[in-house]
Amino acid sequence: MRTIQRLCVGLFFLALFPVLLCAQEYTVGNSIVSLQVGPSRYVGTFIGITDYSKNYRDDLRSGWTWSAGYSYIFGKQEKSSRFGLGLMYQGTYYKHSSSELSDDISMQYLAPQFILHLSKERYNIQLAYGSGYLWYKDDSGVYGKPRKVDIDEWAFNLSLGGEYYLSSWCGLCARLNWIVSESKAYKVSYHGETWEVENPELSSGGGVYAPLSLTVGINFHF
């Protein structure tokens, strides 16, 4: 966790320094590679965790996210609004434990992106929608014995991002991304056995989990 925090701070200050240079307009490439990291909030229903008490769930909701992506923006740069296509990967991590119970949740999301790109002078704004696959794992522990929960579900994401160009080849960026998925059932491995459990939250209209993340980082243009 400390390593991720240091990486986030380091990327921020590394990207911030060139802003002090003299301002000018830049011509950037249509291809964009993005690397970002930042905090995440678990929104929605917890699934298969070891402790459903309110205090435990509240402490488990805060985590970290890292992401990487590629996008290509079509059309001439003289136009203020253009469309693009891309591919995004996002990893998310939540962890909490009590005296006898623990949960170590990781989510891996991969999806193509459909992008509306709005640009003006030295900055741009991107609105994106994607739909892909979300792999959910909880390497938990119950009274010193390992327990594992697996969920593989289709998901979609909505994101709002912005970038400030630092040069013709890179820029400082930030993005708010919301991934939404629903689980009908999940697999539990414990004491050497594996079984499938129907999600009890579905009967009450629950079962939806939606990690919400705010990340910062660097875009590379070519």
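Brief remarks on what is shown
- Helix-only CD estimate at 222 nm, as mean residue ellipticity for the chain, using -39500 (n - 2.57) per DSSP H run (n ≥ 4): -3000 deg cm²/dmol
- Anisotropy class of region 94-139 from Cα gyration tensor, a/c 1.5 cut: oblate
- Gain on full stretching of the segment that runs from A68 to Y93 - 0.36 nm per residue minus C-alpha separation: 7.5 nm
- What the pair-distance distribution of region 112-222 shows, using all Cα-Cα distances binned every 5 Å from zero, is 2, 10, 15, 16, 13, 11, 9, 8, 7, 5, 2, 0, 0 percent.
- The chain: Lys pairs at Cα distance under 12 angstrom, eight or more positions apart or on different chains: 5
- In plain terms, the residue of F74, F156 with the fewest other Cβ atoms within 10 Å comes first and the most crowded comes last, giving F74, F156.
- Net dipole in debye of the chain [+1 Lys, Arg Cβ; -1 Asp, Glu Cβ; about Cα centre; nearest 20]: 680
- Gyration tensor verdict on region 39-82 (Cα atoms; rounded if a/c is under 1.5, prolate if a/b is larger than b/c, oblate otherwise): prolate
- C-alpha long axis of helix 2-16 to longest principal axis of the chain, angle in °: 10
- Overall Cα dimensions of the chain, principal axis frame, Å, largest first: 61, 32, 28
All of the numbers you see were taken from the coordinates with simple rules; none came from a lab. What you see is a predicted model, and the numbers here were worked out from it, not measured in a lab. Every residue, glycine as well, gets a Cβ built from its backbone with ideal geometry; the counts of neighbours run over all protein chains shown.
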